[in-house]
Amino acid sequence: QVQFVESGGGLVQPGGSLRLSCAASGFTLDSAAIGWFRQVPGKEREGVTCITNSGRITYYADSVKGRFTVSRDNAKNTVYLEMNSLKPEDTAVYYCAASMYYCSDSPDFFEKDYWGKGTLVTVSS
């Protein structure tokens, strides 16, 4: 069975940092592009970043550019999202997802069953 599990979320003060992890089981991450998305209540799911199977970072959302860094460790079958200088507007549920083909900032391009259930990041004083 394919399973993706996000972890590392929590409550952090503005300006703080968190590192999110996306761990896969039943699937080899180096065979796919991995995207990070986030969503807040009442808003559409937003693409944050995406990293290809070869480790190329295709984009960062303008809102996180310069503050977030995506990386992957294929040996650990894990993709990371390092978040620095966090702002209250970064508060969201963060998801990872796999595409068998290519990176995209649209969640529609990611496999229906290849999503984690999300981890909540709350940035607040």
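Pick from segment 66-107 the residues that are at pLDDT 95 or above and among the charged types (D, E, K, R): which of them is surrounded by the fewest Cβ atoms within 10 Å (Cβ to Cβ)?
Looking at the filtered set, the residue picked out is GLU89.
Taking ASP62, is it surrounded by fewer than 16 Cβ atoms within 10 Å (Cβ to Cβ), modelled with pLDDT of 95 or more and in a loop (DSSP other than H, G, I, E, B)? Break it down into steps so the answer makes sense when it comes.
Values: surrounded by fewer than 16 Cβ atoms within 10 Å (Cβ to Cβ): yes; modelled with pLDDT of 95 or more: yes; in a loop (DSSP other than H, G, I, E, B): yes.
Spelling it out, ASP62 is indeed surrounded by fewer than 16 Cβ atoms within 10 Å (Cβ to Cβ), modelled with pLDDT of 95 or more and in a loop (DSSP other than H, G, I, E, B).
Matching residues to (1) more than 23 Å from SER17 (Cα to Cα); (2) touching a residue at least 40 places away in the same chain (Cβ under 8 Å); (3) in a strand (DSSP E or B); (4) in contact with a Leu (Cβ under 9 Å, 6 or more places away or on another chain):
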residue	(1), (2), (3), (4)
LEU81	no, yes, yes, yes
VAL93	no, yes, yes, yes
CYS96	no, yes, yes, yes
CYS103	yes, yes, no, no
LYS112	yes, no, no, no
THR122	no, yes, yes, yes
SER125	no, yes, no, no
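Suppose we filter segment 1-27 for residues that are out of contact with any helix residue (DSSP H, G or I) (no Cβ under 8 Å at 6 or more places or on another chain) and not in a strand (DSSP E or B); how many remain?
Qualifying residue count, segment 1-27: 10.
So the check is Cβ under 7 Å with 6+ separation or different chains; which pairs have a first residue in segment 3-19 that's on the phi < 0 side of the Ramachandran plot and surrounded by 13 or more Cβ atoms within 10 Å (Cβ to Cβ) and a second one that's among the β-branched types (Val, Ile, Thr) and assigned to a strand (DSSP E or B)?
Note: pairs meeting the criteria are GLU6/THR119; SER7/THR119; GLY9/THR119; GLY9/VAL121; VAL12/VAL123; PRO14/VAL123; LEU18/VAL12; LEU18/VAL121.
Which residue is farthest from TYR94 (Cα to Cα), if the candidates are limited to segment 1-43 and must be modelled with pLDDT of 95 or more and charged (D, E, K, R)?
That would be LYS43.
Which ones in segment 22-42 are more than 15 Å from SER106 (Cβ to Cβ) and open to solvent by 10 Å² or more (accessible area, probe 1.4 Å)?
Listed by number, the residues that qualify are ALA23, ALA24, SER25, GLY26, PHE27, THR28, ASP30, SER31, VAL40, PRO41, GLY42.
The values are calculated or read from the model by the stated rules, or taken from the named source; none is laboratory data. In this text the structure is predicted, and so the values were computed from the model without any measurement. Every residue, glycine as well, gets a Cβ built from its backbone with ideal geometry; the counts of neighbours run over all protein chains shown. Only protein heavy atoms, including side chains, enter the accessible area calculation; ligands, DNA and RNA are left aside. Shrake-Rupley method; radii C 1.70, N 1.55, O 1.52, S 1.80 Å.
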